[in-house]
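Asker: Quick one: structure below, then a few questions.
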2 protein chains.
Amino acid sequence: MKPNIHDVAKIAGVSSTTVSRVLNNRGYISEKTKEKVYKAMEEINYFPNDLARSLFNKRTNLIGLIIPNSSNPFYGELAFHIESICASLGYKLLLCNSLNRIDKEEKYLEMLIRNQVDGVVVVTYNRGILNYEKQNLSVVAIDHYLSKNIPVVGSDNYGGGKQATELLLMKGCQYIVHINGPIELQTPANLRRIAYEDVMKEHGRLPITYEVSPHQNHQEVISKLFDEHPEVDGIFASDDLIAASVIAESKKRGKDIPTQLKVVGYDGTEAVQVILPELTTIQQPIDLIAKTAIDILLKQIEGEFNNFPFETYLPVKLLEGGTT
Amino acid sequence: MKPNIHDVAKIAGVSSTTVSRVLNNRGYISEKTKEKVYKAMEEINYFPNDLARSLFNKRTNLIGLIIPNSSNPFYGELAFHIESICASLGYKLLLCNSLNRIDKEEKYLEMLIRNQVDGVVVVTYNRGILNYEKQNLSVVAIDHYLSKNIPVVGSDNYGGGKQATELLLMKGCQYIVHINGPIELQTPANLRRIAYEDVMKEHGRLPITYEVSPHQNHQEVISKLFDEHPEVDGIFASDDLIAASVIAESKKRGKDIPTQLKVVGYDGTEAVQVILPELTTIQQPIDLIAKTAIDILLKQIEGEFNNFPFETYLPVKLLEGGTT
DNA sequence: CTGAAAGCGCTTACAG
DNA sequence: CTGAAAGCGCTTACAG
């Protein structure tokens, strides 16, 4: 059996109240008593049970993170930063991979509520889900609007889309196509598309956007794009994985990059930078996004509801590689 | 305030014992009572507090996962599979990114113990850490020996190393070099190196292995390799990220792949397959590794200590792409 | 079929 | 400076 606070008390020859006080460093305790208690704890290898503490305190220091899939480098890196920041602040992270499935998301959310998490960070496509608000749970969303009451943190999608498109124009591309996720999702990432379309129109060009669905093979759509627009000489893909697929298709068709086709992605994760360093991309400040999201979440947890912006868009950075 | 079981009982007009029985579907309860209770729960939006349950049951259904860094596609994908399997079995996952730092690992382990996890899955480089055994905690390791008592699950590293080396030989490479992590770590991944060296010797070749340290820029070591062995025409890298760096360096030097240099990696994650589909690699069955590790962990948790192998090496698969 | 009581391992007023 | 008691939200013998 695991030792409990009473075992420690018995060995130290004090009451469990005193042991608790030593543990929490609260109230006045004589040095001698402290030492006895510490020695006893070490002797029997005692670790306090956080379940019991949390039950009493009504505070678990537990944060839930719902992402589509940590296999995707962007979410994997986001999870890393969020977890690291949480750990440094004494919070623990419950990881949930929703695969963007609404049924899974609902189940996870209920699980998190049952486990009394102090707050939830959500990267999800599904809106209006299971009373995110009804439970008066602290929630922060990353790159997705969930409701009027849930703050959103993300990168400057409009600025990023603008930079990407302008870069392709500046490099002399005549026929620029954009690839993005489904427009129905109404994510801030749609701003990348809107920026593309705005810039194109500004320059008197016709914007053309192809849609791919998340977590699905993009190859088919991309192949169609090449078939329908053989003149394409610039592609702005709304994430790096799509950009990589474009590069692969281009190679397959013997279309040289960057001379015949220039490609810009979006995300700029560490992994992609190592694996495909030549990819030109708009890099999101993933660490900053994580930091900001946690900041806002903790403010909510502490009961401050007006001390943070409802929307935060952090600056992106153009990483120019060989694909432009 | 969140409603508790007594609130439900009051509304349903029964005792909290009865509510608990309905919740746990234990003992005999009349249909009428059940309905009343369910209605009451819904009415006040009641969710049971798993903290209190766990405290009583001495079972949290919580699993800890310690990995170096979920930004790395291999660990990100592993975390995805482990979490998914856990979720399907009613377990929840506490994510820990150790960055391979022993101090962080120790802190995480203590955190997990305090949170009463039922078991821990560990992917770590540090051996003999904080009484992994002393706490009689259920533990399973992935791809790393931790101690005589901790079961290990991984891919068939020797077989994979053999396949990779033999492929390069078969393709006619005359001068094959291997890149691996530090030998001191004594991970099963060292078997990839041993396999390479064995095969080389079998064929009367001189094995040459360069070492890179994890989570550090590999470019320097790789550059040195190219300088010191300009004749190199085959490289077996012990993971895909190293392989990608080799490809980048090769491009930089104008050495054509695959005509002048052939490259084989190891891991074969989904992400790398999308981002760099042309990479020839030895693919680990990450889903199977996750499944097997959880199986073994759950057996330990259930008290079966002899019903599983101490070491499990799952079959790998050669994915041949354009780099060979 | 249902309820009162004790207890899981803690912490915090309240006394002293 | 220290301890006895009550309670966090559950569950499970034990009665009835």
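Asker: If DNA, RNA and ligands are ignored and the probe is 1.4 Å, what is the ranking of A:228, A:83, A:110, B:42 by accessible area, most exposed first?
Answerer: Result of the area sort, largest leading: B:42, A:228, A:110, A:83.
Asker: Right, next: For residue B:317 and residue A:103, FRET efficiency with R0 = 25 Å and r from the beta-carbon atoms, rounded to 0.05?
Answerer: Values: r = 32 Å, r/R0 = 1.27.
Given R0 = 25 Å and the Cβ-Cβ separation, E is 0.20.
Asker: Pick from B:245, B:30, B:20: which is most flexible by mean-square fluctuation in a GNM of chain B where alpha carbon atoms under 10 Å apart are linked?
Answerer: Comparing B:245, B:30, B:20 in a Gaussian network model of chain B, the most mobile one is B:30.
Asker: How long are the three semi-axes of the equivalent ellipsoid for segment B:157-285, computed from the Cα gyration tensor as the root of 5 times each eigenvalue, in whole Å, largest first? Don't skip to the end; give the middle numbers.
Answerer: On the way: eigenvalues 67, 61, 47 Å².
Ellipsoid semi-axes (Å, largest first): 18, 18, 15.
Asker: For the protein assembly as shown, what is the Kirkwood estimate of the hydrodynamic radius, computed as the reciprocal of the mean inverse distance between distinct Cα atoms, to one decimal in Å? Intermediate values should be presented prior to the final figure.
Answerer: Working: mean 1/r = 0.0370 Å⁻¹.
Radius from the Kirkwood sum: 27.0 Å.
Asker: Nearest beta-carbon of B to the rotation axis carrying it onto A: which residue, how many whole Å?
Answerer: Here the nearest residue and distance are B:76, 1.
Asker: Let me ask something else about it. State, as an integer percentage, the relative contact order of chain B based on alpha-carbon contacts under 8 Å between residues 6 or more apart.
Answerer: 17
Asker: For the interface of B with A, what's the total buried accessible surface in square angstrom, probe 1.4 angstrom, rounded to the nearest hundred? Don't skip to the end; give the middle numbers.
Answerer: Values: alone 16250 and 16300 Å², together 27750 Å².
By this definition, chains B and A bury close to 4800 Å².
Asker: Something else now. Rg to Rh for segment B:1-130: what is it, with Cα atoms only and Rh by Kirkwood? Write down the numbers at each step before the final one.
Answerer: Numbers: Rg = 19.8 Å, Rh = 17.2 Å.
Computed over Cα atoms, the ratio is 1.15.
Asker: Right, here's the next one. Using a 1.4 angstrom probe, figure out how much accessible area segment A:5-48 has per residue, in square angstrom, rounded to the nearest whole.
Answerer: 66
Asker: Any idea what the dipole of segment B:5-48 comes to, in debye rounded to 20, about its Cα centre with Lys/Arg Cβ at +1 and Asp/Glu Cβ at -1?
Answerer: Taking the Cα centre of segment B:5-48 as origin, the dipole is about 180 debye.
Asker: Which semi-axis lengths, in whole Å and largest first, follow from the square roots of five times the eigenvalues of the Cα gyration tensor of segment A:5-48?
Answerer: Ellipsoid semi-axes (Å, largest first): 14, 10, 9.
Asker: So how do B:91, B:196, B:313 rank on accessible area, 1.4 Å probe, biggest first, that is with the largest at the start?
Answerer: Ranked from most to least accessible, the order is B:313, B:91, B:196.
Asker: Please sort through the DSSP H helices of chain A and keep those with an alpha-carbon extent of at least 15 Å along the long axis and a Kyte-Doolittle average not below 1.0.
Answerer: A:286-301
Asker: In whole angstrom, note down how far apart the Cα centers of segment B:137-178 and segment A:288-317 are.
Answerer: When both Cα centres are located, 43 Å separates them.
Asker: Given the pairs B:10/B:58; B:148/B:299; B:2/B:107; A:255/B:171; B:201/B:252, which span a C-alpha to C-alpha distance of over 22 angstrom in this model?
Answerer: Beyond 22 Å between Cα atoms: B:10/B:58; B:2/B:107; A:255/B:171; B:201/B:252.
Asker: Then there is this: Of A:178, B:6, which has the most accessible area and how do the rest follow, probe 1.4 Å?
Answerer: B:6, A:178
Asker: For the protein assembly as shown, what is the percent of antiparallel DSSP beta bridges, rounded to the nearest 5?
Answerer: Roughly 10 percent of the beta bridges in the protein assembly as shown run antiparallel, per DSSP.
Asker: Which value does Rg/Rh take for chain B over its C-alpha atoms, Rh per Kirkwood?
Answerer: 1.13
Asker: Under a plain spin-label model, where a point goes 7 Å from the Cα along Cα-to-Cβ, how far apart in nm are residue B:253 and residue A:310?
Answerer: Placing both labels 7 Å along Cα→Cβ, they lie 5.8 nm apart.
Asker: Which FRET efficiency value, to the nearest 0.05, is calculated for residue A:110 and residue A:59 with the Förster distance at 22 angstrom and r the Cβ-Cβ distance?
Answerer: 0.65
Asker: Can you tell me how much longer the chain between residue A:42 and residue A:2 gets when fully stretched, taken as 0.36 nm per residue apart minus their C-alpha distance, in nm with one decimal?
Answerer: Residue separation times 0.36 nm, minus the Cα-Cα distance, leaves 13.1 nm.
Asker: To continue, here is another question. Averaged per residue, what accessible surface does segment B:218-316 expose to a 1.4 Å probe, in Å²?
Answerer: 39
Asker: Then there is this: Would you work out the charge dipole size for segment A:157-285 about its Cα centre, treating the Cβ of every Lys and Arg as +1 and the Cβ of every Asp and Glu as -1, and quote it to the nearest 20 debye?
Answerer: 220
Asker: Please identify, among A:236, A:305, A:56, the residue showing maximal mean-square fluctuation in a Gaussian network model of chain A using a 10 angstrom Cα cutoff.
Answerer: Top of the fluctuation ranking is A:56.
The values are calculated or read from the model by the stated rules, or taken from the named source; none is laboratory data. Fair warning: this is a prediction, and the values are worked out from it, not measured in the lab. Every residue, glycine among them, receives a Cβ derived from its backbone with ideal geometry; neighbour counts consider all protein chains shown. For accessibility, only protein heavy atoms count, side chains too; no ligands or nucleic acids. Shrake-Rupley method; radii C 1.70, N 1.55, O 1.52, S 1.80 Å.
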